[in-house]
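Report on the following structure.
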Amino acid sequence: MISLENPTRRKFFTQGGNLLGGLALGSLLNRPAFSSAAGAGPASDGGIPLQFPAKAKRIIYLHMVGGPPQMDLFDYKPEMKKWYNKDLPESVINGQRLTGMTSNQARFPIAPSVYNFAQRGESGMWMNSDLLPWMGKCADDICLVRSMHTEAINHEPAITAMQTGNQVAGGPCLGSWASYGLGAANENLPAFVVLVARNILQYQIQAISGKLWSSGYLPGKHAGVSFRNSGDPILYINNPAGVSSSLRRKMLDGLKEMNEFQLNQTPDPDTVTRIQQYEMAFRMQSSVPNLVDLKDEKESTFSLYGEEARESGTFANTLLMSRRLIEKGVRFVQVYKNSWDTHADVTGRLPNLCKEMDQPCYALIQDLKQRGLLDDTLVIWGGEFGRTIYSQGGLTATNYGRDHHPRCFSMWMAGGGIKGGTVYGETDDFSYNIVKNPVHIRDLHATILHQLGYDHEKFSFPYQGLNQKLTGVEPAKVIHDLLA
């Protein structure tokens with residue numbers, strides 16, 4: 001699929017005698033008729049025409065930065081009780097890559113999960129019953145994938161791969177691809193918003209930077225707009241003292257004239273982005289303050305999410321804000337929750353992390369369902385990789401650490417045409433290798449795009465002489481067994 005948006009010199013010569021200035025300004029106006037030149041099918045709101053009917057119109061992606069331990073949460077391994085403090089067999093490791101943090105350990109002692117598991121819902125889905133009592137109540141709403149895998153073994157490339165489809169930074173993230181495809185549904189808000197929940201634990205924290213929500217080689221307007229977790233959600237959202245709204249408008253009109261003059265002299269996608277973002281910022285001055293003001297929320301909402309939802313920056317507040325954002329027309333909300341890097345003190349850290357995460361995740365699903373939004377809103381939860389069954393560092397009967405493990409990990413999804421109450425994939429008794437139905441992150445991305453109405457093989461953007469895709473050039477497939 002070729003986009004005519006913000007054409008470069010290369011696109012001009014490869015696509016014919018287009019009027020560069022007209023096209024650039026046409027994209028500024030965000031006209032659906034303009035985008036329909038990209039291919040057949042019903043046009044979405046100012047984006048790329050859908051290739052087939054979409055099941056999801058919007059996405060809330062909850063990324064647990066650091067890599068949650070799958071065998072302590074969703075991948076029940078009762079046989080490991082018999083293996084406590086025994087060495088992980090070499091036949092299981094089978095020469096696989098280990099991180100530098102444990103590769104020199106003298107032993108790889110197995111650390112069974114200390115937590116109880118139970119079957120939940122009519123589906124009988126096994127999950128941690130000690131730490132996830134709320135999530136157990138919505139087991140029949142979620143689709144649990146236990147066979148995710150990736151090549152990346154360290155956080156930075158693993159998070160980048162999960163977000164952009166490539167371990168090398170610089171490509172567009174999933175949210176930018178969604179914005180590029182679906183376009184904007186509310187001209188007063190970005191199509192793609194990023195929320196970073198504050199940390200309750202102040203150690204073993206991974207860096208979260210703006211490159212994770214970059215638009216890469218896509219037009220700049222598709223980059224994520226990050227809302228702050230304290231104070232004003234956007235810096236300088238309010239006019240300085242003595243500057244009225246009419247004066248601000250007059251200033252922006254003058255700035256727009258200068259940028260359009262520059263655009264006519266030298267057609268440049270960055271100039272188009274600059275014009276668009278200044279205008280968006282002006283419109284957000286009125287839309288964002290009302291959006292973050294929770295006075296219109298009922299007491300029942302805070303009972304559902306928990307009292308922490310009242311406090312800006314908490315994970316509960318972030319999920320409540322996610323619902324408010326998609327309700328106002330935001331297409332993609334990316335939430336980052338840090339501190340899941342459990343190299344040590346799993347039983348000291350995990351109860352706090354799960355307590356913070358459990359009820360709000362349940363509440364988000366129920367809230368969306370009550371409002372009739374879950375059917376066409378896809379909720380995604382997961383980290384960048386999993387953790388090892390063997391202990392990193394010291395091991396006791398009540399505590400242990402776990403190293404990075406890319407060979408298998410668990411994620412769940414809900415809504416957006418996903419089959420609730422489904423468990424897909426299977427790992428060995430050690431939660432170390434996949435024995436049934438592996439799902440690579442490329443397959444996950446292909447499935448997500450499919451739910452948005454796009455074929456991952458055809459949904460592309462021309463860059464450096466290639467039709468670039470989220471799923472890259474290696475094989476990827478839609479996992480139809482996950483779909484309702």
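The values are calculated or read from the model by the stated rules, or taken from the named source; none is laboratory data. Computed from a predicted model, the values in this text were never measured in an experiment. Backbone-built Cβ (ideal geometry, glycine too); neighbour counts: all protein chains shown.
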statement: K419: passes all of (1) surrounded by 21 or more Cβ atoms within 10 Å (Cβ to Cβ); (2) under 30 Å from D367 (Cβ atoms); (3) among the charged types (D, E, K, R) but (1)
- request: Output the residues belonging to segment 138-164 that are in a helix (DSSP H, G or I) and among the charged types (D, E, K, R).
  value: D140, D141, E156
query: Any chance segment 369-382 includes a residue that's more than 22 Å from the chain's Cα centre (by Cα) and modelled with pLDDT under 95?
result: no
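Please determine, by comparing only the residues of segment 329-352 that are hydrophobic (A, V, I, L, M, F, W, C) and not in a loop (DSSP other than H, G, I, E, B), which one is surrounded by the most Cβ atoms within 10 Å (Cβ to Cβ). Show your work before the answer.
Initial filter on segment 329-352 (hydrophobic (A, V, I, L, M, F, W, C)): 330, 332-333, 335, 340, 344, 346, 350.
With not in a loop (DSSP other than H, G, I, E, B) added as a condition, the list becomes 332-333, 335, 346, 350.
Values: F332: 29, V333: 27, V335: 22, V346: 24, L350: 22.
Result: F332.
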query: Does R120 fit the bill of being over 19 Å from the mean Cα position of the chain (by Cα) and either surrounded by 22 or more Cβ atoms within 10 Å (Cβ to Cβ) or under 25 Å from L374 (Cβ atoms) (or both)?
result: yes
- prompt: Among A185, A178, which is the only one that is surrounded by fewer than 19 Cβ atoms within 10 Å (Cβ to Cβ), more than 19 Å from M64 (Cβ to Cβ), in contact (Cβ under 8 Å) with a residue 40 or more places away in the chain and of a type in the set (G, A, S)?
  reply: A185
- request: Quick one: which residue in V243, V196 is more than 30 Å from T342 (Cβ to Cβ) and β-branched (V, I, T)?
  value: V243
Residues of segment 249-303 satisfying the condition of being among the hydroxyl-bearing types (S, T, Y), at pLDDT below 85 and touching a Leu at 6+ places or on another chain (Cβ under 8 Å): T271, Y278, S287
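How many of the residues making up segment 135-159 are of a type outside the set (D, E, K, R) and more than 22 Å from R402 (Cβ to Cβ)?
At the first step, the residues of segment 135-159 found to be of a type outside the set (D, E, K, R) are 135-136, 138-139, 142-145, 147-150, 152-155, 157-159.
Next, only the ones that are more than 22 Å from R402 (Cβ to Cβ) stay: 136, 138-139, 142-143.
Selection size over segment 135-159: 5.
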query: Residues Y390, Y400, Y454: which one is in contact with a Leu (Cβ under 9 Å, 6 or more places away or on another chain), assigned to a loop (DSSP other than H, G, I, E, B), surrounded by 24 or more Cβ atoms within 10 Å (Cβ to Cβ) and at pLDDT 95 or above?
result: Y454
task: Restricting attention to segment 130-175, report how many residues are in contact (Cβ under 8 Å) with a residue 40 or more places away in the chain, under 29 Å from G47 (Cα atoms) and of a type in the set (S, T, N, Q).
output: 4
